[in-house]
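I have placed the structure first, in the form of structure tokens, so that the comments after it can refer back to it.
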């Protein structure tokens, strides 16, 4: 059995003793590995955010927005998933008597919540529509200014 850890206070943080430090490190590693899907979403979001902020080309910014939206959609879809659950299609309703089937109450815990999936289907449609409108605006901007670089477009606007 592990001894109770003694914490020694320092100026900025608390340091555990050696035995509890190993246990603490194992817990942190298991938590990080166990939540790998969140790290994927965060990575995708940061890639998209970087493209939006750092790139000067409008098409690259549009692709960054699309990557950011995709990360959010994946996050919400993963929230709606459950291990061991099934789709919410009921063969027999409450109290419905069918030959050979027992009547029982429906347990919502046994089913996946369909609401996040339905909402993300709508978000996918909006994302595709946003991408289409943004790319069409980029084409119009290119026809007018002969460039897609944000700095050059701003310089040409200021010259007028």
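If I model a spin label at residue 85 and residue 129 as a point 7 Å from the Cα along the Cα→Cβ vector, what separation in nanometres do I get?
2.8
Could you tell me how far the Cα centroid of region 44-81 sits from the Cα centroid of region 131-160, in Å?
21
Label-point separation (nm) for residue 152 and residue 111, each offset 7 Å from Cα along Cα-to-Cβ?
It works out to 5.6 nm between the two label points.
Each value in this text was obtained by applying a stated rule to the coordinates, not by laboratory testing. This structure is a prediction, so every number in the text was calculated from the model and none was measured. Positions of Cβ are generated from backbone atoms using ideal geometry, with glycine treated the same way; all protein chains shown enter the neighbour counts.
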